[in-house]
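Undergrad: Mind looking over this structure? Questions follow.
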Amino acid sequence: MTARISAQHRHPKGLFNHAAAGQHLPPVALTIDQRAIRDFRAVLGLDDGETAPPTFFTFLDAQADLVRQQSGQPTILEHIGCDYRYLLHGEEEYTGLSEMRGGDNIIVHSQIGEFYFSSNQQLEFAQIQHSARSPAGQALIQARRLYIHRLPQ
Amino acid sequence: MTQDIPASQHQTAPLCVGDRLTPLIFGPISRAFLARYAAASSDFNPIHIDSDYAKAGGHRDIFAHGMASLGLLSRMILQNFPDGRVTSLSGRFTAITKVGAIITLSGTIRAIVPRDQHLLVRLDIQSSVPKHQVTIIGQAEILLPLPIRSA
């Protein structure tokens, strides 16, 4: 599975679409599903509490991409031209975590950050920033996700 | 602005800077777990669930979602502090976790900061697999109501 992006947008030394740097994606409104929280907690072995675990934002990020797909927009990973065969997580950071529960309405904002290479040119990095807010503007979480292509040699 | 309290000054027994949290041992990582995690997280990257795809990418086999290990680190923290609320969590991924691996999730108290009627506890956290190979190095903060009830 390779995200849809034409070869002309790829960086000559890498796989990501470096032209996407700095791009803000349209905000996506979501309602948190209590069953999704329950399933996420269960797979991690957490008790059956009602609050979203700290890394639940990954599910919300995926849900936001699903909304984009359904409205004919590219997903974030399509925007950045990721090739899943070589994709790894580099770093993940979640700060300002507020309690989120089923039924909460949130708005996810996402921005594509910078692209760069490791000094030996074997790794290619792509940074994505997200924030989720309530409809009233209350900050609920800030997330920074760093993706890596382990470049084929 | 809050300020970290050196180990010699804080009086928040039973917690002390340098204390190790009770680790969580999880696994062995099975293909069924990876399928369940993919479904629960909506992370269907085939590199974690399709051996043929993983091999095409130069891997010997599928390997675990890194975010599963970070999620398990949050479980380890919450098992140590059942009344707490994790307010930040971060990790740098340093190695993959193979199918069959047993993961050790661990943490150490780095700082304790009084905050209103709570304590903010800063943690160094780590995920590792056998032979002490570290897969995630990270930090977390957890807000604890006073009085503290440790697990």
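The values are calculated or read from the model by the stated rules, or taken from the named source; none is laboratory data. In this text the structure is predicted, and so the values were computed from the model without any measurement. Backbone-built Cβ (ideal geometry, glycine too); neighbour counts: all protein chains shown. Surface areas here come from the heavy atoms of the whole protein model, side chains and all, with no ligands, DNA or RNA. Shrake-Rupley method; radii C 1.70, N 1.55, O 1.52, S 1.80 Å.
Undergrad: Restricting the search to segment B:60-83, which residues are open to solvent by less than 30 Å² (accessible area, probe 1.4 Å), more than 9 Å from chain A (Cβ to nearest Cβ) and assigned to a loop (DSSP other than H, G, I, E, B)?
TA: Within segment B:60-83, B:Ile62, B:Ala64, B:Phe81 meet the criteria.
Undergrad: Working carefully through the options A:Leu88, A:Leu77, A:Leu30, A:Leu25, find the one that is over 20 Å from A:Leu140 (Cβ atoms), part of a strand (DSSP E or B) and hydrophobic (A, V, I, L, M, F, W, C).
TA: On the way: A:Leu77 fails: part of a strand (DSSP E or B); A:Leu30 fails: over 20 Å from A:Leu140 (Cβ atoms); A:Leu25 fails: over 20 Å from A:Leu140 (Cβ atoms).
On inspection, the qualifying residue turns out to be A:Leu88.
Undergrad: Suppose we keep only residues that are away from every other protein chain (no Cβ under 13 Å) and touching a helix residue (DSSP H, G or I) at 6+ places or on another chain (Cβ under 6 Å) within segment A:84-109. Which one would you say is least open to solvent (accessible area, probe 1.4 Å)?
TA: Among those that are away from every other protein chain (no Cβ under 13 Å) and touching a helix residue (DSSP H, G or I) at 6+ places or on another chain (Cβ under 6 Å), it is A:Val108.
Undergrad: How many residues, within segment A:114-153, are farther than 12 Å from A:Leu15 by Cα and free of Cβ contacts under 8 Å to residues at least 12 places away in the same chain?
TA: Residues that pass the stated criteria total 5.
Undergrad: I would also like to ask the following. Taking segment A:84-101 as the region of interest, how many residues are charged (D, E, K, R), farther than 12 Å from B:Ala54 by Cβ and at pLDDT below 95?
TA: 1
Undergrad: Which of (1) surrounded by 14 or more Cβ atoms within 10 Å (Cβ to Cβ); (2) hydrophobic (A, V, I, L, M, F, W, C); (3) more than 23 Å from B:Tyr37 (Cα to Cα) does B:Leu146 not meet, given it meets every other one?
TA: It is condition (1) that B:Leu146 fails.
Undergrad: Please enumerate the residues belonging to segment A:61-83 that are at the interface with chain B (Cβ under 9 Å from one of its Cβ atoms) and modelled with pLDDT of 95 or more.
TA: Selection gives A:Asp61, A:Ala62, A:Gln63, A:Asp65, A:Leu66.
Undergrad: For segment B:117-126, check the following and say yes or no: at least one residue is at the interface with chain A (Cβ under 10 Å from one of its Cβ atoms) and of a type in the set (A, V, I, L, M, F, W, C).
TA: No, segment B:117-126 contains no residue that is at the interface with chain A (Cβ under 10 Å from one of its Cβ atoms) and of a type in the set (A, V, I, L, M, F, W, C).
Undergrad: Take the residues in segment B:36-47 that are in a helix (DSSP H, G or I) and farther than 11 Å from B:Phe63 by Cα, then tell me which one is farthest from the other protein chains (Cβ to nearest Cβ).
TA: Going through the qualifying residues, I end up with B:Ala38.
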